[in-house]
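Read the structure below first, then the notes.
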Amino acid sequence: MMATQIEPTATLAQLQEAKPESVTIVLLSGDLDRAMAAFIIATGAAAMGMKVTIFFTFWGLNAIRRRGATSSAKDWLRRMFGLLNRGGASTLPLSRFHLGGLGTMMMQKVMKQNRMPDVPELMQTALDLGVHFIACTTTMGLMGISKDTLIDGIDQFAGVTTYLAEAKRGSVNLFI
């Protein structure tokens, strides 16, 4: 397969022609508002017919953990990560004004009143639209997260090189 040559003075149209219409998102944050942003962008891009990949790493893995799942790691430090990060898309805190859970409850109430889908609904919509979910194996190992503590629907378990290969081919790359 021949690579498309792009001149240094390429126009936007030439650049768009050279890259496939795809979006890669690194979800690093385990915060409700940031996870929502990632899934809103992912579902919007998928609805437009774009290929979408979300690479979940560090605290972003909490969005795809089963609710209440803890670590089955042997060492105490990784077990502590499991206790502190039980995960579950419906239990993510706000990045600001969490206020011990009060701010998150208020945000969820406002979202419900305005018929805004919550993170679990957005995640399911993303899966239904064919968004590709990749869980970072390096972070899973560091934090003592096993495959059985993650939700169904994870397409791949891989490291950063897999994400970078996706990002290199893509036209939009986001880090949330």
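Before moving on, here are some points about what is shown:
- Filter pass, Ile134 being touching a Gly at 6+ places or on another chain (Cβ under 9 Å) and surrounded by 17 or more Cβ atoms within 10 Å (Cβ to Cβ): no
- Selection from region 159-176 of residues that are hydroxyl-bearing (Ser, Thr, Tyr) and either assigned to a helix (DSSP H, G or I) or closer than 30 Å to Asp75 by Cβ (or both): Thr161, Thr162, Tyr163
- Single condition Thr9 does not satisfy, out of (1) out of contact with any Lys or Arg (no Cβ under 7 Å at 6 or more places or on another chain); (2) of a type in the set (S, T, N, Q); (3) surrounded by 13 or more Cβ atoms within 10 Å (Cβ to Cβ); (4) modelled with pLDDT under 95: (3)
- Considering Met111, Met106, Met140, the condition of being under 17 Å from Asn62 (Cβ atoms) and part of a helix (DSSP H, G or I) is satisfied by Met140 alone.
- Criterion violated by Ala126 - all others in (1) modelled with pLDDT of 95 or more; (2) of a type in the set (A, V, I, L, M); (3) not in a helix (DSSP H, G or I) satisfied: (3)
- Checked against (1) surrounded by 12 or more Cβ atoms within 10 Å (Cβ to Cβ); (2) closer than 26 Å to Trp76 by Cα, Gly100 passes all but a single condition, namely (1).
- If the condition is being outside any loop (DSSP other than H, G, I, E, B), touching a Lys or Arg at 6+ places or on another chain (Cβ under 9 Å) and not hydroxyl-bearing (Ser, Thr, Tyr), then region 143-158 contributes Met143, Asp148, Leu150, Phe157.
The values are calculated or read from the model by the stated rules, or taken from the named source; none is laboratory data. These figures come from a predicted structure and were not determined experimentally. Note that we place each Cβ from the backbone using ideal geometry, even for glycine, and neighbour counts take in every protein chain shown.
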